[in-house]
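This report concerns only the one structure given below.
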Amino acid sequence: MLLANTLKSSTFRLALIAIAVFGLIVAAIIAWVYFGTLAYVQSRVGEVGDHDGFTGMIELAMIAVALLLLVLAAVAAVLVTRRTVGRIEQINATSRAIMLSGLDQRIPLRGSHDEWDRVAENLNQMLDRIETLMGEVKQVSDNVAHDLRTPLTRMRGRLEKAYHAPRNSENDAALIGDTIADLDAVLGMFASITRISEIETRARKGAFRELNLVEIAGEVVELYDAAAEQVATRLNLTGDREVRVTGDRDLLFDAIANLVDNAIKHGRASGQVSVTCAAKDGAAVIAIADDGPGIPSGQHDQVFKRFYRLEQSRYTPGNGLGLSLVAAVARLHGAEVSLRDNAPGLTVALRFPPPSAL
């Protein structure tokens with residue numbers, strides 16, 4: 001089967017054309033050597049003597065060399081084409097298996113580390129990425145359905161109750177207020193999803209300029225100072241007076257605000273939240289630390305997924321999109337997000353590359 005595919009392949013036809021061209025070149029060289037040799041012999045010994053034996057020997061040698069080259073070229077063409085067709089058939093077979101059974105199939109590697117192995121590795125990595133994205137899409141769809149079910153069910157229950165109850169202006173006003181609050185929560189969820197998608201697909205960086213990260217962090221701390229006081233949490237800003245960073249001011253403000261909001265919500269009551277800005281090795285670093293329960297190390301990568309929420313956070317306000325937005329802003333700015341244990345609590349750090357690296 002493989003040999004039949006090899007003989008029918010376009011690669012083999014191209015190889016035959018190459019052999020034909022090579023054969024013509026070799027034939028021209030052989031003819032040139034043959035007639036050149038005869039001319040040289042005649043110039044040396046003249047017409048004296050019998051040259052038939054010598055001429056026949058040269059002709060036989062030339063024919064043998066031509067046949068040998070033709071056989072070697074044909075064998076090489078078949079072997080090379082067979083190898084190429086074999087690897088292509090592996091890719092085709094894997095593609096058919098993926099279409100039939102799913103994305104769990106991968107192209108086998110031969111361990112030769114040649115260009116075909118590199119192609120297979122790249123295709124396998126692409127399949128891994130596609131499988132991951134498909135899993136995330138499914139997870140997001142499931143989480144959206146789950147998070148929408150509760151407010152929509154509450155709204156329907158209120159409206160149905162109001163429909164069957166006598167009209168009462170005070171009760172109707174409360175019903176309308178509660179329904180608007182639930183609708184605002186749903187609309188806020190979709191607004192967050194849209195904003196994250198816009199950040200992730202943004203190709204231009206027209207709003208980027210050199211900024212002082214300390215000023216942005218100071219504005220966030222001032223904004224959330226009242227919220228921190230309500231739960232008796234001490235919110236403070238420490239570090240350098242000036243930390244230069246190149247980026248979009250509004251997006252950086254949103255990212256820092258999400259981190260501070262999470263630290264206040266999920267930190268310890270009557271605890272402390274620290275925002276630290278510093279310049280290290282030419283890079284700008286901002287860290288938000290709290291002294292709450294923290295996040296288990298095994299879930300550090302998971303919390304950046306959309307709608308992902310820890311079990312202890314299920315009953316606190318929010319939709320699990322805050323850290324997803326932070327991750328999207330970090331990717332746009334080429335920044336690295338890291339989570340580490342604050343013993344107790346959690347520290348989330350954003351490390352921005354030097355301005356020259358952007």
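Assorted remarks:
- Accessible surface ranking that places the most exposed of TYR224, TYR163 first, with a 1.4 angstrom probe: TYR163, TYR224
- Whether segment 172-299 is rounded, prolate or oblate, judged on the alpha carbon gyration tensor where a/c under 1.5 counts as rounded: oblate
- With K and R counted +1 and D and E -1, the other residues having a Cβ less than 14 Å from that of PRO344 yield a net charge of -1.
- Each peptide in 168-177, 148-157, 270-279 was scored by the mean count of other Cβ atoms within 10 Å over its residues; highest first, the order is 270-279, 148-157, 168-177.
- Cross-link reach is defined here as a Cα-Cα straight distance under 15 Å, omitting same-chain residues fewer than 8 places apart; for LYS138 the aspartates and glutamates meeting it are ASP147.
- Rounded to the nearest 10 Å², the accessible area of THR37 at probe 1.4 Å: 40 Å²
- Relative protection proxy for 85-96, 243-254, from highest mean packing down: 243-254, 85-96 (other beta-carbon atoms within 10 angstrom).
- Solvent-accessible surface ranking, highest first, for VAL231, VAL220 at 1.4 angstrom: VAL231, VAL220
- Cα gyration tensor category, rounded, prolate or oblate, for segment 67-201 with a/c compared to 1.5: prolate
- Accessible surface for LYS138 stands near 130 Å², nearest 10, in the context of the full protein assembly shown (1.4 Å probe).
- Taking a ≥ b ≥ c as the square roots of the eigenvalues of the Cα gyration tensor, segment 78-122 is oblate, since a/c reaches 1.5 or more and a/b is not larger than b/c.
- When ILE17, ILE199 are compared by accessible area of protein heavy atoms, the largest-first order is ILE17, ILE199, using a 1.4 Å probe.
- Taking the charge dipole of segment 163-243 about its Cα centre, with +1 at Lys and Arg Cβ atoms and -1 at Asp and Glu Cβ atoms, the residue from LEU211, ILE199, ASN168 reaching farthest to the positive side is ILE199.
- Separation of alpha-carbon centers, segment 205-261 and segment 167-196, rounded to whole Å: 29 Å
The values are calculated or read from the model by the stated rules, or taken from the named source; none is laboratory data. Computed from a predicted model, the values in this text were never measured in an experiment. Here the Cβ is made from the backbone with ideal geometry for all residues, glycine too, and neighbour counts use every protein chain on show. In case anyone asks, the SASA skips ligands and DNA or RNA and just uses the protein heavy atoms, side chains included. Shrake-Rupley method; radii C 1.70, N 1.55, O 1.52, S 1.80 Å.
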